Amino acid sequence: MQAAWLLGALVVPQLLGFSHGARGADREWEGVWGGAQEEEREREALMLKHLQEALGLPAGRGDENPEGTPEDEETWGTQEDGQVEEEEETMPPSSSGPSPSPTAEDTVTYILGRLAGLDAGLHQLHVRLHALDTRVAELNRGLRQLREAASDTRDAVQALQEAQSRAEREHGRLEGCLKGLRLGHKCFLLSRDFEAQAAAQARCVARGGSLAQPADRQQMEALTRYLRTALAPYNWPVWLGVHDRRSEGLYLFENGQRVSFFAWHRAPRPEPGAGPSPAPHPLSPNQPNGGTLENCVAQASDDGSWWDHDCERRLYYVCEYPF
């Protein structure tokens, strides 16, 4: 680039001086040279133009019109118009492109808007959460009241059950003494339901009594007459409140007292003059004979004798009630 400027500095003055000399010679020899002068000027102008284009210098107005005549102004105007037209031709036609990229201010505004929306949504969530907390508190209060009411109801039901049990025991006691056999300070009542010995004891206790516990021969004979009258003409074994479940051979009443009076069945004796019986009667052996397999006592309804039976056998039973 520096070499181009240096070449321009050396060549341009010589060309300009040469043009001045040529014009002076033209003036002196105007009549002689004629049309050759015009050709020389055109040649110089052409050389100057090529040199300016090569060096990239702005186009000069030349020495033909040093004072800036209107012709020069028109020439320059024409050149400027041409350059403007060339620039307009080189510029691409305007077309509607995509929207411009958002600026930093637009981004901040968008973020602030989104934050405001999130804040509003968070506020609504807080409001709903408060409403839910209030509802949960109300439900907890209602649940506590329901639990208290359920507890009160349970206590009331338990009280009613206890009252019902007392009423049932009292009713059973009164029924036993009104419908059954009254003997001293106790009453006996036969039940024609088939139950195991333990279940029969439970039913007697639920009605305010227990299985019959004849304490002496007088009570035993009175109970025998009552059962014979109630079940005649049949012979049914009836559960008594006597057992040896705790220890074999140790017979106790249901209240835990030891039995001191027994009425065990005995095989019939042979008639006088008859030979001795080789073996006991198979249907009427001496009692008790069941060992550990038969631990509960039942009374026969025909003669009042005691028999030991399996405690799970289902028989009639007789309850006694205090009077």
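Residues whose amide H falls under 5 Å from that of Val242, counting only those 5 or more places apart or on a different chain, are Val297, with hydrogens built in the peptide plane.
Using Cα pairs closer than 8 Å and at least 6 residues apart in sequence, work out the relative contact order for region 126-249, in percent. Walk me through the numbers on the way to the answer.
Values: 65 pairs, mean separation 25.3, N = 124.
That works out to 20 percent.
Accessible area per residue of region 281-323 at 1.4 Å probe, in Å²? The partial results should precede the final answer.
Working: 2020 Å² over 43 residues.
Ligands and nucleic acids excluded, the result is 47 Å² per residue.
Only protein atoms count toward the accessible area here, which uses a 1.4 Å probe; on region 115-183, the carbon and sulfur part of that area reaches 58 percent. Consider a paramagnetic label point 7 Å from the Cα of Leu174 along Cα→Cβ; state which residues of region 198-233 have an amide N under 18 Å from it. Answer for this model: 206-209.
Show Trp236, Trp264, Trp306 ordered by accessible area, largest first, where the area counts protein heavy atoms only and the probe is 1.4 Å.
On the way: Trp236 95, Trp264 45, Trp306 0 Å².
Descending order: Trp236, Trp264, Trp306.
The amide H of Arg182, built 1.01 Å from its N in the peptide plane, has Phe188 as neighbours under 5 Å, considering only residues 5 or more places off or on other chains. Largest accessible area first, the residues Asp193, Asp308 order themselves as Asp193, Asp308 under a 1.4 Å probe with ligands, DNA and RNA left out. Here the simple spin-label model places points 7 Å from the Cα toward Cβ, and for Glu221 and Phe323 these points are separated by 1.8 nm.
The values are calculated or read from the model by the stated rules, or taken from the named source; none is laboratory data. Quick caveat, the model's predicted, so the values are computed rather than measured. Quick reminder, even Gly has a Cβ in these numbers, built from the backbone with ideal geometry, and neighbours come from all protein chains shown. In case anyone asks, the SASA skips ligands and DNA or RNA and just uses the protein heavy atoms, side chains included. Shrake-Rupley method; radii C 1.70, N 1.55, O 1.52, S 1.80 Å.
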